[in-house]
Amino acid sequence: MDNNTAYKTLVVEDEKMARTELINALKEDGKFEVVGEAANVSQAYELIVSTPANVVFLDIGLPGGNAFYLLSELKKRSVDIPPVIVVTANTEYEYAKKLLNEYNQEIIYILNKPFWSAWIQHYHNILDSLLARAQELRDFEKLEVNRFVNISSGKKSYLIDPAEIVYIQTGPKGKGKTQVILKSNATLECSLSLAQLLLHLPSSFFQINRFEAINLNCISMIDHGNRELVLQNGQYCSIGSAFYNQFLKLTRGY
């Protein structure tokens, strides 16, 4: 979301007057656009399932159940839950903290009644919490994208999780296509050289001689006497003398 876009907001509160006051306060400066409201668990469930939103203000005590029951039902059915602001009374605060521990991925703020005397501070805290959650999601999306390596093979490109790669070798005498061997035993031919491909892979990949690199997490056995190792797919590899000392440092404990 950019700074000029209002947060699409759901308000779940059983007391009509309290619900109206909260909706009016949220609408004041245009940061929040209330797109739905509910007064009990059943209405709230249908509202969250059917109405795309960026945030939901959720009262703990509701007719037909409570916030814990509602969130558990939504998660049980794999419903996407927007960030949740839990609204709670002083007498429910300990329960709210328990709820936060259980649903820390969904709940981003606890709004403790009575809150009107400190509403401005709460309001800005809520905005900060929403911005922080949005940044977390962006960071996660980057991580999800960046954890894959793009391997071009002929006219096709494959997004491969590095954890699925066991072994990489160049063509004979360092010429020809680089071959990437996966845990599934599939082999991909890559247009990048071994050195170029290693630049795109995590530090768990190590070049063991001039023509081969391995995923250190896929080692099954090391024969230090012969400077050989066996990978989990049964592949035997020789460790070059120029690479052996660094290999020992990386594999202490094997």
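Throughout, read-outs are computed from the coordinates displayed, never taken from laboratory work. What you are looking at is a predicted structure, and each value in this text was computed from that prediction instead of being measured. Here Cβ is always computed from backbone atoms with ideal geometry, including for glycine, and neighbour counts include all displayed protein chains.
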(message) Under the rule of at least 5 residues apart or a separate chain, name every residue whose amide H is placed under 5 Å from the amide H of Y167.
(response) I181, N215
(message) Out of the GluC sites (Glu not before Pro) in the range 44-136, which ones are loop residues according to DSSP with at most 15 other C-beta atoms within 10 Å?
(response) none
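How would E212, E228 line up from fewest to most surrounding beta-carbon atoms within 10 angstrom?
Numbers: E212 20, E228 14.
Listing E212, E228 from fewest to most nearby Cβ atoms yields E228, E212.
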(request) Using Cα centres only, tell me the gap between the range 45-81 and the range 155-215 in whole Å. (result) 46 Å
(request) Could you sort out which of K8/K31; K155/K183; K155/K177 sit more than 18 Å apart by Cα distance in this structure? (result) K155/K183
(message) As an exercise, use a Förster radius of 35 Å and the Cβ-Cβ distance of D128 and S42 to find the FRET efficiency, rounded to the nearest 0.05.
(response) 0.60
(request) Determine, for K76, K31, the number of other Cβ atoms within 10 Å of each Cβ, and report the residues in order from fewest to most. (result) K76, K31
(request) Rank these for me by crowding, I85, I120, going from fewest to most other beta carbons within 10 Å. (result) I120, I85
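What do you get for trypsin sites (Lys or Arg not before Pro) in the range 149-208 restricted to DSSP loop and a cutoff of at most 13 other Cβ within 10 Å of the site's Cβ?
Answer by residue number: K155, K175.
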(message) On C-alpha positions alone, give me the angle between the axis of helix 67-76 and the longest principal axis of the chain, in degrees, nearest 10.
(response) 40 degrees
(request) On a 0 to 90° scale, report how tilted helix 119-146 is relative to the longest principal axis of the chain, with both axes built from alpha carbons and the result rounded to the nearest 10. (result) 20 degrees
(request) For the range 7-145, just say rounded, prolate or oblate: build the C-alpha gyration tensor, square-root its eigenvalues into a ≥ b ≥ c, call rounded for a/c under 1.5, and beyond that prolate if a/b exceeds b/c, oblate if not. (result) rounded
(message) With angles folded into 0 to 90 degrees, how steeply does helix 16-27 sit against the dominant principal axis of the chain? Use alpha carbons for both and round to 10.
(response) 60 degrees
(message) If I stretch the segment between S117 and S220 completely, what's the gain in nm (0.36 nm per residue apart, minus their alpha carbon distance), one decimal?
(response) 30.7 nm
